[in-house]
Amino acid sequence: MVENRPLLNLLSHLVLIAGVIVVAFPVYVAIIASTRGPTDFLSGLVPLLPGPHTLENYHRILFSGVSTSGAPPIALMMTNSLVMALAIAIGKIAISLISAFAIVYFRFPFRQLAFWTIFITLMLPVEVRIVPTFKVVADLGLLNSYAGLSIPLIASATATFLFRQFFLTVPDELTEAARVDGAGPLKFFRDILLPLSRTNIAALFVILFIYGWNQYLWPLLVTTDPGYYTVVMGIKRMAEVADAVPQWNMVMATVVLAMLPPVVVVVVMQRFFVKGLVESEK
Amino acid sequence: MSAIAIRGVRKSYGKTEVIHGVDIDIADGEFIVIVGPSGCGKSTLLRMVAGLETITEGTIEIGGRVVNRLEPGERDIAMVFQNYALYPHMSVYDNMAYGLKIAGLSKADIRARVDKAATMLQLQPFLERKPRQLSGGQRQRVAMGRALVRDPAAFLLDEPLSNLDAKLRVQMRLEIKQLQQSVGTTALYVTHDQVEAMTLADRLVVMHDGVAEQIDTPMAVYARPATTFVAGFIGSPAMNMLSVEAAGSRGLTLANGRTVKPRDIRLPEKGRKAILGVRPEHLTPVSGANADLELDVAAVETLGADTLAHGRLAGAANGSGELVARLPGSTQVQPGDRLPLAIEPGMVHLFDAETGARLEELDLPARPARTAKPLAEALNA
């Protein structure tokens, strides 16, 4: 689109700026609110400039929590969320790499059936199978544990499917060259397939980390012990206090903190996988 | 030692047989080129030797050892692929060293071997680069180097030059030949390019529809093609084929009713239908009275050194009697001309009209032997 039409340029910029405002404004309000005192947001007029209570708010929410909302210190919830998100992301990638490897590179009976079984589970998100899954997890005694938080969410077809598609694009001749070089299946997987999948792994890690981090319904069901609460749950609990006014400054401070890890992951990994994408050109 | 023996090898995919029993004996250090049009089974045959395809029937021996059931890595072969199949995430050095690492060689040993191969292939400055940072020719060299470092019993090359541009192809062709001669390793080379086949091969295997139609030296394949397919495939432009009927001592009757009497070849019995083959380069323009054939020129291609006159046999019906003559570059010829041509003595090939097989019983002993002897006698006298 190498056109020089000032009016069109202006229009497209306006649309883009409007889009940015729609997305960024709530985030801005959240950041502002987290720097204000507890009553500033109840006065009817939403303040748009930072207030003086930043350090105080963050210190309190991180290390002592808001006792009136029954919320433990956010630092603990952040750790829980981090453990859960990492376990889900890493677990999913590890399992789907291996199952995609099996489906693409080995001829075994019922291979197609195995693939389709995995594929069909794509149609069943967590919410649909949540009751039976809860029953299984409860019977296994995994309630209120990191295993209970992460293992049921590790099983999913999306990543397997993506890796399968990627493995299918790896030239057969590369596999054959490895065979001629004397590499067995595991050496081929480790020395060739895994390094080639680096960029896909990075991209999936970003997506799955955020997926794990943002889980709400599942942690709500399987945890009753505040020691295993995740941060996304925590926000909801604090905003929904009974017989009291929510402390919006605290809620917003939690929101800002909850946003940080995904942002960090995106920023760090993006550089890595964009580089990978550019390198794999040609 | 590291000879390859292919015995009665067949390959079927389900019920479709694609290779119908091929026998080739390859001597140690020999450069064999398998040539044929696409879909003739030449790559499949090579891949069976490599162990990348199963062998439906027959046996393949490498160095006296039947390898039918061995993995490619255990066959002591190295393969060069058409698209080189370099590992994109490894440096040139690692690409060459990978097979050796798996074989469990010591670091120092690997370094020594890779350095030696890199020096031979002038890859020293590029050892730390990734394949994508190399040009096509350099990648080709790395693929060769990967084969070379393993010091295998045989090199298997699957159209290794077809991804290069024309100039580089000629250069690499020469390099491959020299390399193979200097290391003396048996090589099996698959190509569809007849020039590559002719220039590289110690012996050629011409394949067609899953059958090895002729296995011989390039010159023998050129001079005495075993079938009409081989005759048409080797040589450019392709050999002219005219259907003829034997007319006893008068010679052979052409489709246009005229007779031609080729020299230095026996004639088939009267009434036998045959195919007369003559290469464009063996037709010479002569004055009208001495002509064996007349060519109605339809198109002229000037190549500089040569001029190709395309057309058809004078008087032949439409759709038959296509004829090409390769004339000296200085020849003045225009479309519409009628060109009287003579067939050089001994340059006629006769094939069975039904099977396309060469009528070998009609061939006289090769010409040089006959002319050389009287000359020697004359000198001695």
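Three principal axis extents describe the C-alpha atoms of the range B:237-372; from largest down they are 40, 39, 29 Å. Computed from backbone phi, the HN-Hα couplings of the range A:215-221 come to 4, 10, 5, 5, x, 4, 6 Hz, rounded to whole numbers (Karplus: 6.51 cos²θ - 1.76 cosθ + 1.60, θ = phi - 60°; Gly and Pro given as x). When you filter the chymotrypsin sites (Phe, Trp or Tyr not before Pro) in the range A:36-107 for DSSP loop state and at most 15 other Cβ atoms inside 10 Å of their Cβ, you are left with A:PHE106.
With 26 Å as the limit on Cα-Cα distance, the pairs of A:LYS92/A:LYS135; B:LYS101/B:LYS167; B:LYS130/B:LYS167; A:LYS187/B:LYS11 that go past it are B:LYS101/B:LYS167; A:LYS187/B:LYS11. Amide H contacts under 5 Å for B:ASP264: B:GLY346, restricted to partners 5 or more places along the chain or on a different chain, H placed in the peptide plane at 1.01 Å from N. Pairing chain A with chain B buries about 1900 Å² of accessible area. This figure sums both sides and uses a 1.4 Å probe.
For chain A, the 222 nm mean residue ellipticity estimated from helices alone, with every DSSP H stretch of n ≥ 4 adding -39500 (n - 2.57) and the total spread over all residues, rounds to -21500 deg cm²/dmol.
Contact order, relative form, for chain A: 30 percent (alpha carbon pairs under 8 Å, 6 or more residues apart, mean separation divided by residue count). Computed from label points 7 Å out along Cα-Cβ, the spacing between A:LEU122 and A:LEU7 is 4.5 nm.
Averaged over the residues of B:99-110, the number of partner chain Cβ atoms lying within 10 Å of the residue Cβ comes to 2. Taking GluC sites (Glu not before Pro) as exposed when DSSP calls them loop and at most 16 other C-beta atoms lie within 10 angstrom, chain A has its longest site-free stretch at A:4-126.
Rolling a 1.4 Å probe across the protein heavy atoms gives the range B:1-123 an accessible surface of 42 Å² per residue.
In the protein assembly as shown, the ratio of gyration radius to Kirkwood radius, Rg to Rh, stands at 1.19 when only Cα atoms are counted. Residues of chain B were split at every exposed loop site, defined as trypsin sites (Lys or Arg not before Pro) in a DSSP loop with at most 16 other C-beta atoms within 10 angstrom, and the longest piece left, sites excluded, is B:130-262.
The helix-only estimate of mean residue ellipticity at 222 nm for chain B, built from DSSP H runs of length n ≥ 4 each weighted as -39500 (n - 2.57), is -8000 deg cm²/dmol after division by the residue total.
Computed in the context of the full set of protein chains, the accessible area of chain A at 1.4 Å probe radius has 73% of its extent on carbon or sulfur. Counting only Cβ charges, +1 for Lys and Arg and -1 for Asp and Glu, the dipole size of chain A around its Cα centre is about 340 debye. Rounded to the nearest 20 debye, the dipole magnitude of the range B:112-169 is 160 debye, with +1 charges on Lys and Arg beta carbons, -1 on Asp and Glu beta carbons, and the Cα centre as origin.
Largest first, the three principal axis extents of the alpha carbons in the range B:52-100 are 39, 20, 13 Å in whole numbers.
Close amide-amide hydrogen proximity is noted between B:THR259 and B:LEU254, each under 5 Å apart and 5 or more residues distant or on a separate chain (H modeled in the peptide plane; Pro and chain starts excluded).
Working from Cα pairs under 8 Å separated by at least six residues, relative contact order for chain B is 15 percent. What percentage of the solvent-accessible surface of the range B:4-225, computed with a 1.4 Å probe over protein heavy atoms, is contributed by carbon and sulfur atoms? That fraction is 49 percent. Here's the picture: charge each Lys and Arg Cβ at +1 and each Asp and Glu Cβ at -1 in chain B, and of B:PRO328, B:SER243, B:ALA154 the one pushed furthest to the positive end of that dipole is B:ALA154. For the range A:129-246, the per residue solvent-accessible surface stands at 45 Å², with DNA, RNA and ligands left out and a 1.4 Å probe. Cross-link candidates for B:LYS261: which aspartates and glutamates have Cα within less than 12 Å, leaving aside residues fewer than 8 places away along the same chain? Within the straight-line limit of under 12 Å, B:LYS261 reaches these aspartates and glutamates: B:GLU245, B:ASP292, B:GLU344.
The values are calculated or read from the model by the stated rules, or taken from the named source; none is laboratory data. Source: prediction; values computed, not measured. When we count neighbours, we look across all protein chains shown, and the Cβ atoms used for this are built from the backbone with ideal geometry, even at glycine. These accessible areas exclude ligands, DNA and RNA; they are computed on the full protein's heavy atoms, side chains included. Shrake-Rupley method; radii C 1.70, N 1.55, O 1.52, S 1.80 Å.
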